[in-house]
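The values are calculated or read from the model by the stated rules, or taken from the named source; none is laboratory data. This one's a predicted model, so the numbers in the text were calculated from it and none came from an experiment. Cβ: placed from backbone, ideal geometry, glycine included. Neighbour counts: every protein chain shown. Note: areas computed on protein heavy atoms with side chains; ligands, DNA, RNA excluded. Shrake-Rupley method; radii C 1.70, N 1.55, O 1.52, S 1.80 Å.
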Amino acid sequence: MHIYRRIDDTKDIKSVAFVVCNDEITPVSDIIINTLKPEYRMLSDNDVMQYLYDSPPDIFFIGSDTRTQNQKSFQLCHTIRESGYQGIIVLIANSLKHLGATTEVTSAGFDNYLLSSDSAERIKDIIHWAIINRKRKNKYIIQFDDNPDSFYITDRDGRIHEINKRAAMGSNLTPKEIVRNGINISRVGTLKSF
């Protein structure tokens, strides 16, 4: 099941949800609301799944301000993606030091990230790129996931960031388990480079 409404431009955004993992919304929420003028909801991380099924937003903004809360945000993003939501998810962080590498952010399922100190113009640009990234990802999912050929993407250390069903066959793991656990290509014995 794929839950989302196609968004081609920032003008298409009708609804957003701000999810806070620290009981405090970041100041960028006001900038986002004033820039996009969407319907919006402020949610706790416990309310997300109910809201997702009742009335999924065009964009989730998930905020956190520490490394521990980032881990909680990353897990929440995984949960939202596993539910079938293919809409846009943007991580809001207070500083780059709490983010980790960009590949960690995108492999967690986020389409982009922004900092709570970002300007209105930068936020609009970040949202624009999140839309582009999600469109590419959704197109990629169609071409990649159900492809009868084996495909996988690794980083330079051999950690798998994307793998399709065919490539995961015989490993006794699902593609999501392989990616989520950061399994190295050398540990998945059934995979062969091509």
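A few points about this structure:
- Counting the residues of segment 149-161 that are small (G, A, S), open to solvent by 30 Å² or more (accessible area, probe 1.4 Å) and either in contact with a strand residue (DSSP E or B) (Cβ under 7 Å, 6 or more places away or on another chain) or closer than 17 Å to T106 by Cα (or both) gives 0.
- Subset of segment 1-52 that is under 19 Å from G84 (Cβ atoms) and at pLDDT below 85 - its residue that is least open to solvent (accessible area, probe 1.4 Å): I3
- Of the residues making up segment 80-100, at least one is under 22 Å from I132 (Cβ atoms), modelled with pLDDT of 85 or more and in a helix (DSSP H, G or I).
Residue by residue, here is whether (1) of a type in the set (V, I, T); (2) in contact with a His (Cβ under 8 Å, 6 or more places away or on another chain); (3) touching a residue at least 60 places away in the same chain (Cβ under 8 Å) holds:
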residue: N147; (1), (2), (3): no, no, no
residue: I153; (1), (2), (3): yes, yes, no
residue: D157; (1), (2), (3): no, no, no
residue: R166; (1), (2), (3): no, no, no
residue: L173; (1), (2), (3): no, no, no
residue: I178; (1), (2), (3): yes, no, no
residue: G182; (1), (2), (3): no, no, no
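- Segment 69-88, subset within 11 Å of the chain's Cα centre (by Cα) and open to solvent by 10 Å² or more (accessible area, probe 1.4 Å), residue nearest to Y140 (Cα to Cα): Q86
- Whenever a residue of segment 42-68 is under 11 Å from V16 (Cα atoms), its partners that are at pLDDT below 85 and aromatic (F, W, Y), lying with C-beta atoms within less than 9 angstrom and at least six residues away or across chains, give the pairs P56/Y4; D58/Y4.
- Condition check for D146: loosely packed, with under 13 Cβ neighbours inside 10 Å and either under 21 Å from the mean Cα position of the chain (by Cα) or over 30 Å from N34 (Cβ atoms) (or both): yes
- When segment 162-181 is filtered for residues that are open to solvent by 30 Å² or more (accessible area, probe 1.4 Å) and either on the phi > 0 side of the Ramachandran plot or outside any helix (DSSP H, G or I) (or both), the ones remaining, listed by number, are E162, M169, G170, N172, L173, T174, N181.
- Positions within segment 113-127 being of a type outside the set (D, E, K, R), within 15 Å of N94 (Cβ to Cβ) and either outside any helix (DSSP H, G or I) or open to solvent by 30 Å² or more (accessible area, probe 1.4 Å) (or both), in sequence order: Y113, L114, L115, S116, S117
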